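J.: Before I ask anything, here is the structure I am working with.
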Amino acid sequence: MTTITRWTFALLLSSMAGSALAASNPLSVHVLNLEDGLPSSKVRVTLEQLQPQGWQPLNEAVTNQQGRISELFPEGKTLETGTYKVTFKTGDWFAMHQAQTFFPEVPVIFEVDGGVDHYHIPLLLSPYGYSTYRGN
């Protein structure tokens, strides 16, 4: 097997393993920096669920080298229908990179309707703007 073939095979296996992990957890996120087009690693992300008494924390994690958190929903819990909030701590991330930003946090509030098994929230980030959408 040539080096390129081995590398391609390893990349394929890694991708499949990531997909398998994401499939077992109902919520993932991905952060990309629009300034340089690269993944944003080490972004702290929190997850909360709206309850009658207000927002209740569920989990917190940090993006990996690919800017991803494959398993943001707490292990052993069931994703119920309802309103959730993912908050990207962008101010902390920009400060780590000695850069200013207008948005110290990016809260994304979304509805889980049970229509799909997996919810994915990508964040496209720059110092003075951001965009997000329902991914898959």
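Derivation of every value follows stated rules applied to the coordinates shown; laboratory data play no part. Please read these numbers as outputs of a predicted model, since none were measured by experiment. Counting neighbours? That spans all protein chains shown, and the Cβs are built from the backbone with ideal geometry, glycine included.
J.: Gain in length, N64 to E111, computed as 0.36 nm per residue apart minus the alpha-carbon separation, to one decimal in nm? Present the calculation step by step, with values, prior to reporting the outcome.
T.: Numbers: separation 47, 0.36 × 47 = 16.92 nm, distance 2.53 nm.
Contour length minus Cα-Cα distance gives 14.4 nm.
J.: In vacuo Debye scattering of region 47-136, one point per C-alpha: log10 I(q)/I(0) at q = 0.14, 0.18, 0.19 Å⁻¹?
T.: Per q value, in the given order, log10 I(q)/I(0) is -0.55, -0.89, -0.98.
J.: Taking 0.36 nm per residue of sequence separation and subtracting the Cα-Cα distance, how much length would be gained by fully extending the chain between K77 and L34, in nm to one decimal? Spell out each step's value before the answer.
T.: Details: separation 43, 0.36 × 43 = 15.48 nm, distance 3.36 nm.
So the extension gain works out to 12.1 nm.
J.: Taking the dipole about the Cα centre of region 26-132, with the C-beta of Lys and Arg at +1 and of Asp and Glu at -1, give me whichever of T132, P26, V112 is farthest to the positive side.
T.: Farthest along the dipole direction, towards plus: T132.
J.: Moving on. How many angstrom separate the Cα center of region 23-42 from the Cα center of region 51-102?
T.: 11
J.: So how strong a dipole does region 26-132 carry about its Cα centre when Lys and Arg Cβ are +1 and Asp and Glu Cβ are -1, to the nearest 20 debye?
T.: Values: 6 positive and 12 negative charges, 47 e Å.
Roughly 220 debye for region 26-132.
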